[in-house]
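What follows is a set of notes on a single structure, which appears directly below.
The values are calculated or read from the model by the stated rules, or taken from the named source; none is laboratory data. The model shown is predicted, which means the values in this text are computed figures rather than measured ones. Note that each Cβ is placed from the backbone with ideal geometry, even for glycine, and that neighbours are counted across all protein chains shown. These accessible areas exclude ligands, DNA and RNA; they are computed on the full protein's heavy atoms, side chains included. Shrake-Rupley method; radii C 1.70, N 1.55, O 1.52, S 1.80 Å.
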Amino acid sequence: MALAAQATEGELYRPVLEANPAHPNGWPMRVIVSSQTEARHNRAFWTPTHLISIRAPATRLLSMIELPPERHLELFFGDATDPDAPDAARPEAIDATLAFIDRLPADAHLLIHCLRGIGRSTALTLGILARYVAPEKAAAELHALRPEAKPNRHVVALCDAALSLKGKLAKQALRFPAKVWKA
């Protein structure tokens, strides 16, 4: 089911935080996380101001949202969970993501999507959320944003390391997928 069918326009980019003094511009984490197919089908309705696209090398984005390059971060890694796989995510992708997030204005509406599933996009979203809230709350918020999330374990481990969370984020990722979130 497409996210657009589940929410009204005002609820689409529900801020995770009322205020976010930890972000350089106070961005309250307004985000949608999806697959490329959902993003492509809902692009006119969702109208993000900023976009993170995750895709494997040698794949291409199909008729995506047109945004200037400074508002669109393209990451190239596959859905591999083996860190030694040739197309596995690397720490540089997480660093680039965090730098991109730091530049978001307070009124940004961020769409994070990946090609072929939602494992990488939900993992990256979990890492972004955990930068500003405790891992437990980040996981609960991800579940609220995307109940059927199954974050890519390797990408979560990279986020965990980048944020110096010492396995706390990886532990939360093990709780997915969950039909009902229990705090």
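Only a single item in (1) among the aliphatic types (A, V, I, L, M); (2) under 18 Å from Phe100 (Cβ atoms); (3) open to solvent by 30 Å² or more (accessible area, probe 1.4 Å) is not met by Ile32, and it is number (3). The set of residues in segment 86-119 that are outside any loop (DSSP other than H, G, I, E, B) and closer than 21 Å to Lys150 by Cβ comprises Ala93, Ile94, Thr97, Leu110, Leu111, Ile112, His113, Cys114, Gly119. Of the residues screened, His154 is one that is over 26 Å from Gly26 (Cα atoms) and either among the aromatic types (Phe, Trp, Tyr) or outside any loop (DSSP other than H, G, I, E, B) (or both).
Pull up segment 65-81, narrow it to residues that are open to solvent by 80 Å² or more (accessible area, probe 1.4 Å) and among the charged types (D, E, K, R), then point me to the one that is nearest to the chain's Cα centre (by Cα). First the steps, then the outcome.
Kept after step one, since they are open to solvent by 80 Å² or more (accessible area, probe 1.4 Å), are these residues of segment 65-81: 66, 69-71, 76, 81.
Then keep just the ones that are among the charged types (D, E, K, R); that gives 66, 70-71.
Values: Glu66: 19, Glu70: 18, Arg71: 15 Å.
Going through the qualifying residues, I end up with Arg71.
One residue alone among Ala93, Ala138 is closer than 24 Å to His50 by Cβ and either touching a His at 6+ places or on another chain (Cβ under 8 Å) or touching a residue at least 40 places away in the same chain (Cβ under 8 Å) (or both), and that residue is Ala93.
For segment 41-57, filtering for residues that are farther than 21 Å from Ala123 by Cβ, open to solvent by 60 Å² or more (accessible area, probe 1.4 Å) and in a loop (DSSP other than H, G, I, E, B) leaves 1.
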